[in-house]
Structures are given as C-alpha cells and as structure tokens.
Amino acid sequence: MRLREWLDGLGHGDAVADGDEATAAFDRLDSAAAELTERVHDLPGVTWPFSVTNSVVADLHRCEGLAAARAQAAVDAEGDGAWPRMAGEALDAYVAHVLAEGPVADPVDDLASMWEASGEFGRTEQLAHFLAASDPDVARQRRRELDRLAREALAFDVDPGWAPRVQVPIGRTFGGALAVRGRADVVLGGPGTGRGAVILEVKSGAPHAEHHAQLRHYVLLAALRNGEMPLAAALWYPGDSVVDVHVPGAAESSAERVASATRRLAAFWEGEVPQLHGGAHCRWCPVADTCAAARPDSGGTWASEGFRA
Amino acid sequence: MSRGEVAVGWRTALADALADAGIPTAEELGGEPGRERVSHHHAAAVCAAGAFVSADEFVPTATAVARAIALTSLRATADPARRDPATPAGRVRSVVADTTTLPGWVADWLDGLDRAGVAVVVSAATRWMTDALALASRKGEPQWLDPDPIRHRVARRGVTLTAGVDAVRRTPAVHLLVVRLRPGVTDHRLAGRLALLWALERGEEPASVVLAHRESLEVVRFPMTGGVVEQAVLDAVDDVSWAMRPSEAPVVAGAACGFCSLLEVCPEGMEHRRSTSGAPFPTTIAGVDGRQDAAGGEPTM
C-alpha cells in the first residue's frame, strides 16, 4: 500500500488511543530498572543511567558475543555494511528535505549540504570517499542509488496537517538507572498536533523480520513518551510500500524484550560470560575472524537464516 | 520590594559571596579571565574541566538555530486566532522566509545555507516547536521569550553569566520554563542558575523553574524555595572562579568523556574510558580469538 493511501485510511487520526498498555509497559520497565539497580549498584565502573537501545537488544538476541564486540569495537567505516548504512542515512535526509523544502534538486550536493548544516562533516567526507571509489562502476552505481532514493523520498509529500517530523528523539529514563531511547525516522501527529501519533520507520533495503522488532521497539518508546499507544505504526520501503504493524500488544512485548536484555546486561556486570551463537549475523561481527562459534559461510544473507519477512 | 531592589539584593549577594570565597577581581588577576562567557551549559556540566577549559567562542549549532527559529515562530503567532499557517512547519517556514524577525546571528547563519541546508534547519525547528507546544500547552500556552539569552555581567570579574529561558508563566508568581532534550544529573543546578539570572536581570524571584524534556515529554518542576537560589549563588561563584582560572576546574570523569574534545589530554578521562570501554561486557570471552585459545593463551576480544 502507498503511504498516502495508508494515511488516508487513518482518517484524521482522532481515534481513541489506549493508555492502559502504555502504563503496563512503563511499570514493566520501572520494575526492570529497580532490579538492575539492586543487582549492580554496588559494583565498580557502573555508569548511570544504563542505556539500552534497540540495536543492543537485537544484538543480544542474535549473539551475546556480537553485542559485546560491537560495544567494544569502533564501527569499520570501510566495511561491507558501511555503504548500505550510508544509503539509509541518505534516504532519511531526503525524506527530511521533501517534508521541509520539497523535492531534492541534486542528491549528492544536497546531501552534503544537509550534513554540513547539521555539523556532520565526517559524514560528508565519508560520502565523498564512497563516491570516489576506485572502481568507476561502483561509484556510478552509488550515485544512481542516491538518485533513486531521492526520487523515492517524494512519497513523503504528505498532508501537512499530520505535522510530520523526522529523526524524533524519543525515550525515557527509569529511576535514574535504565535509559530506553531511540530516534524515530518519521513521526506524524502526536501530542501538540491534535492527532494521534503515527510512527514510521524508513527502510532503504529489503524487508526482514528484524525491522518489525525495531518498529515495535519504537512503538514502545512512543507509548512511554506519550502515555498512550500510537494510533498506527508502519515500515516504509522503496517503491512506496507500506507494511503496517499491529500496534496493540507491541509496547508490552517490547518492554518484556528490553527487560530481558536488561537482565542479561546485569548478569554481565556480575561476571557472567556472554554466550556465542553463530549465524548470518557473523557477517557483521567485528570479531568473527577469531570467534570459534562464527559461521561466516552461513549464506551471508539474513534470508538464509530465516530472518527475511 | 520593587524589581530594582530585588535585582540589587541578589547582585549584592553574589558580590559578597565572590569576596567571601576570595575570588580575585580582574585587576587583581592581572589580565583577562580565561573565559569571558559562562553559559547555563557550564552550570549543568558534570565535568567542570571539560566545560571551562574548552575553547571560549560562540559557535552557533543547528540545534541552537532551530531553537531560536522555533521560539521566534511561537512568539510571532502567540495569538492562536492569528495562526496562519496553522501547522508548526508552516509557521517555521514563514519566519525563515523573512529573517528580519530573527536574531542577527541566526539570520547570518541562515544566509550561509542553500536550500538543502535550510531544510535541515526547518526540520529541526519544526521538531522543537511541536515538542515545545506539547510540553507547554497542558496549562495553556505560556509567554514565549526572546531566544537570546539573559546576560549578567559579574561586577569586576570580566565574566558574563548567560542562560536561555524559553518561556514564562505568571500565576501571578513567576514560573520559568526551559525546553531540553532529556534530564541530567545536574538539573537542580541548572534550575538554580536560571532562577538566579532571572532575579539578577529581571528583578523577579521565580517561584519555580520547570525543565521540560522533549525526549520523554516529562515536565519536572524545581521549586525555588529552601535556599535553592542561595545555593545557586555559591555555584555561580565556583563557575566565575573557574572561568577566571580554567586550569583549576576539577575533572569529573564520566559518560561525557566519550564526547569530550579534551579527552586525549585528560588522564582521568582516558582512564575512565579504558576501564569502562565495552561495559558491561567482559573484555575477554571464551571462544573468541580461537587462535590464541589454541596456543593456550588468554582468549581476548
């Protein structure tokens, strides 16, 4: 379904939102924070509040060694995952451009201007590096991808009555101990706008199941922030394809997922050893080359592990 | 008591506290202070060294520009009946299209941007404004204030204290409102500084300072009772002292070390980073670095 059609189906976003699930999710994380404090507050080196992001939770679910390695290693800017990540960030920027100023005129120059205006000069340099790839075919392919993504972003020319915002920081700190936060790609409506909140995650690549978990995490964050469940939430993919996620239950299940991750993190503070689970994710792991559990030849794609939706 | 009398009273209290603490005057120091401007960010800094030793220059950021544009937009359309366009984005775009209502430093900054750069600013200002409306409108909209900070030139020290207050609500007691991203461990100190500067420059003693957090839409009220402002005077004395002699500002290593420009020359910060890197995960995991394992060595990451 196309984004505008999907939004039209939500009417004016004035449906009654559920506050009970938001309260239950809040209580669950408040309890997790209390448990975390009780378990580790006397241990040395603990920095409060302890921040639990969706990526940490997702990594722990895949392989605790991956989570550990990512916490310790700087992201490899030259690695295989760097260009897809940059393309995703470019799409986020194009969506912001479309919402604020209309269509992107020059995908490369405008992207550089946007990042410079944000003070993100490192990204601009990285972009120049990627577009100056020694293989001219690769460089051309990357420019074409940016052109395509800039066109795709035109789908976000939505009704301004939704008060669309991009890269919205949302989160909550519990008892000064546990911080659960993130940055939603696009938020429509919500407090201060007169409409119910709608959360959109903008994806530049192919769908897979992890995206749903991520979006449910943002539903949790929005529920914690607004004190009520969002009206709707969806993943948006190139081709103007909207995949909506069932909102009821998402906050409670995500709260349990975060609470579970928090318990594991507390266990590591107490000295427990991370468990290794090889899989497709080893392809992105900084220590896969030296890990006994690594399965670097496991197909190399999420699809091979059944992650694809 | 008149506003003038209130202001004089707090200025006297600050001057006396500086003298009691033995803070030298600029003349006694024999030169310019190490830092002339001390903002509310310094008051809220966990590590005084990180805040006071870094470069003393005002560099506008996209965040500061966005706040200034959003506040100007809110002030320009304070009357809901005159809100045309009605959406925050539309109101922000109106202000950006005619920069004469903006502070000069914001207008200058915008002049240097192309259309894509403006998109970033409009986007950030719209986000700020929508959050501010959500946070502040629960009791009816407050009086939004000029984006430029309150400034108080500390007598005979060559140091200026500054703080940005976003809105005021009069009930008729004065309640100050500041919109922030998220709470911090020094929020009580920040609230005290804001109240002190308001008293010093506006001649009113605020009944409370409300810190409103965009990330969580939480609103935390700090009543200005029980000696809070008196403590803020003492905190200001510390800040003036460190502004005059930044090298004496104490180091407090913590989470902010990772973002500190002085990290490489700060032994305490480096040690903190080393000892907490990757926490809570262990630095060694059995099964990782299998080659070392095979050689009988300690497996490490």
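The values are calculated or read from the model by the stated rules, or taken from the named source; none is laboratory data. These numbers were taken from a predicted model, which means no experiment stands behind them. Please note: Cβ atoms are built from the backbone with ideal geometry, for glycine as well, and neighbour counts cover all protein chains shown.
Evaluate the following for residue B:202: is it surrounded by fewer than 24 Cβ atoms within 10 Å (Cβ to Cβ) and either of a type outside the set (D, E, K, R) or in contact with an Asp or Glu (Cβ under 8 Å, 6 or more places away or on another chain) (or both)?
On the way: surrounded by fewer than 24 Cβ atoms within 10 Å (Cβ to Cβ): yes; either of a type outside the set (D, E, K, R) or in contact with an Asp or Glu (Cβ under 8 Å, 6 or more places away or on another chain) (or both): no.
Against the criterion (surrounded by fewer than 24 Cβ atoms within 10 Å (Cβ to Cβ) and either of a type outside the set (D, E, K, R) or in contact with an Asp or Glu (Cβ under 8 Å, 6 or more places away or on another chain) (or both)), residue B:202 does not qualify.
Condition (residue is in a loop (DSSP other than H, G, I, E, B) and within 21 Å of residue B:200 (Cα to Cα)) applied to segment B:25-33: is it met by at least one residue? Yes: segment B:25-33 contains one or more residues that are in a loop (DSSP other than H, G, I, E, B) and within 21 Å of residue B:200 (Cα to Cα). Inspection of segment B:205-216 finds no residue satisfying the criterion of being hydrophobic (A, V, I, L, M, F, W, C), surrounded by 16 or more Cβ atoms within 10 Å (Cβ to Cβ), in contact with a helix residue (DSSP H, G or I) (Cβ under 6 Å, 6 or more places away or on another chain) and part of a helix (DSSP H, G or I).
So which residues in segment A:7-41 are of a type in the set (D, E, K, R) and either within 14 Å of chain B (Cβ to nearest Cβ) or in a helix (DSSP H, G or I) (or both), if there are any at all?
First pass over segment A:7-41, keeping only residues of a type in the set (D, E, K, R): A:8, A:14, A:18, A:20-21, A:27-28, A:30, A:35, A:38-39.
If the condition is that a residue be of a type in the set (D, E, K, R) and either within 14 Å of chain B (Cβ to nearest Cβ) or in a helix (DSSP H, G or I) (or both), then A:8, A:20, A:21, A:27, A:28, A:30, A:35, A:38, A:39 are the ones that fit.
For the residues B:130, B:63, the requirement of being part of a helix (DSSP H, G or I), of a type outside the set (A, V, I, L, M, F, W, C) and over 30 Å from residue B:239 (Cβ atoms) singles out B:130. Inspection of segment B:52-65 finds a residue satisfying the criterion of being surrounded by 14 or more Cβ atoms within 10 Å (Cβ to Cβ), in contact with a Ser or Thr (Cβ under 8 Å, 6 or more places away or on another chain) and farther than 23 Å from residue B:180 by Cβ.
Within segment B:238-259, being surrounded by fewer than 21 Cβ atoms within 10 Å (Cβ to Cβ) and within 20 Å of residue B:34 (Cβ to Cβ) holds for B:238, B:245, B:246, B:247, B:248, B:250, B:251, B:252.
The residues on offer are B:130, B:101, and the sole one that is touching a residue at least 12 places away in the same chain (Cβ under 8 Å) and at the interface with chain A (Cβ under 8 Å from one of its Cβ atoms) is B:130. Those strands (runs of 3 or more DSSP E) of segment B:135-195 in which 3 or more residues are aliphatic (A, V, I, L, M) occupy B:159-163, B:174-180.
Counting just the residues of segment A:79-116 that are part of a loop (DSSP other than H, G, I, E, B) and closer than 30 Å to residue A:283 by Cβ, which one comes out nearest to the other protein chains (Cβ to nearest Cβ)?
Taking segment A:79-116 first, the residues part of a loop (DSSP other than H, G, I, E, B) are A:79-81, A:102-106.
Remaining after also requiring closer than 30 Å to residue A:283 by Cβ: A:79-81.
Numbers: A:79: 17, A:80: 20, A:81: 19 Å.
My answer is A:79.
With respect to residue B:278, is the statement that it is of a type outside the set (D, E, K, R), touching a helix residue (DSSP H, G or I) at 6+ places or on another chain (Cβ under 7 Å) and surrounded by fewer than 17 Cβ atoms within 10 Å (Cβ to Cβ) true? Yes: the conditions hold for residue B:278. Here residue B:58 does not qualify as under 30 Å from residue B:252 (Cβ atoms), part of a helix (DSSP H, G or I) and touching a Phe, Trp or Tyr at 6+ places or on another chain (Cβ under 9 Å). Restricting A:267, A:213 to residues that are surrounded by fewer than 22 Cβ atoms within 10 Å (Cβ to Cβ) and more than 27 Å from residue A:21 (Cα to Cα) narrows the list to A:267. Looking only at segment A:172-207, residues that are more than 12 Å from the chain's Cα centre (by Cα) and under 22 Å from residue B:88 (Cα atoms) come to 12 in all.
Looking only at residues of segment A:60-77 that are free of Cβ contacts under 8 Å to residues at least 60 places away in the same chain and either in contact with a His (Cβ under 8 Å, 6 or more places away or on another chain) or away from chain B (no Cβ under 13 Å) (or both), we find that the one that is surrounded by the most Cβ atoms within 10 Å (Cβ to Cβ) is A:77. Could we say that residue B:180 is touching a helix residue (DSSP H, G or I) at 6+ places or on another chain (Cβ under 7 Å) and without any contact (Cβ under 8 Å) to a residue 60 or more places away in the chain here? For residue B:180, the condition - touching a helix residue (DSSP H, G or I) at 6+ places or on another chain (Cβ under 7 Å) and without any contact (Cβ under 8 Å) to a residue 60 or more places away in the chain - is not met. Is it the case that segment A:157-165 has a residue that's within 22 Å of the chain's Cα centre (by Cα), at pLDDT 95 or above, not in a loop (DSSP other than H, G, I, E, B) and not basic (Lys, Arg)? Scanning segment A:157-165, I find no residue that is within 22 Å of the chain's Cα centre (by Cα), at pLDDT 95 or above, not in a loop (DSSP other than H, G, I, E, B) and not basic (Lys, Arg), so the answer is no.
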